[in-house]
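In what follows, a structure is listed as C-alpha cells, so that the remarks can point back to it.
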Amino acid sequence: MQVTDFICDFSGKAWDGAFPMVEGHQGSLISGHSLDAAFREVVLGSESSLEPGSYECTMCLETRADACWQSPVRPEAVICRRCIIQSATKLDKDPDWDWSKPR
C-alpha cells in the first residue's frame, strides 16, 4: 500500500504524510483539516448539520442521537460529536503532529 491509498472520507484528499489523519472503524479516515472544521462547528459552535438520530457516523458506524458534522464536499460522510471529540483528543496528544483542538 502507498500512503496515497489513504483518503480522507470527508475531504477526499489523499494522505501524503504531511498532515495528520485519524482512523475510525473499518478504515474510515478524517484529516486534521476536516476534523478542525467539524470541531469548530459542532463542539465550539454547538451546531449540527443533520438532525440527531437521522445519520450513521462514518467513523464509528453508529446511528447517533447527538450532534454531527456533514462534509460539505462529500455529503455521505458524517461524523458524530463523540467521534469528533475522541479524534481531536487523539490528535491533540499525538507528539508526531503539531495539532491542537480549536479554541
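Pick from L35, L91, L50 the residue whose mean-square fluctuation is largest in a GNM of the chain, springs joining Cα atoms under 10 Å. Judging by the Gaussian network model, the answer is L50. Close amide H partners of M59, meaning residues 5 or more places away or on another chain with modelled amide H under 5 Å apart, are C80.
Annotation: extensible slack from S54 through D92 equals 10.8 nm (criterion: 0.36 nm per residue apart, minus Cα-Cα distance). Counting only protein heavy atoms and a 1.4 Å probe, the chain has 57 square angstrom of accessible area per residue.
Remark: the chain carries a charge dipole of roughly 240 debye about the Cα centre, counting +1 on each Lys and Arg Cβ and -1 on each Asp and Glu Cβ. Sorting H25, H33 by solvent-accessible area of protein heavy atoms yields H33, H25, largest first, with a 1.4 Å probe.
Considering only alpha-carbon pairs that sit under 8 angstrom and 6 or more positions apart, the relative contact order computed for the chain is 24 percent. Stretching the chain fully between S46 and E76 yields a gain of 8.7 nm (0.36 nm per residue, less the alpha carbon separation).
Among R64, R82, R74, the residue with the largest mean-square fluctuation in a Gaussian network model of the chain, with springs joining Cα atoms closer than 10 Å, is R74.
Rounded to the nearest 10 degrees, the inclination of helix 81-93 to the longest alpha-carbon principal axis of the chain is 30 degrees.
The values are calculated or read from the model by the stated rules, or taken from the named source; none is laboratory data. Because the structure is predicted, anything quoted here is derived from the model rather than measured. As a convention, Cβ positions derive from the backbone with ideal geometry for all residues, glycine included, and neighbour counts pool all protein chains shown. Heavy atoms of the whole protein, side chains included, go into the accessibility calculation; ligands, DNA and RNA do not. Shrake-Rupley method; radii C 1.70, N 1.55, O 1.52, S 1.80 Å.
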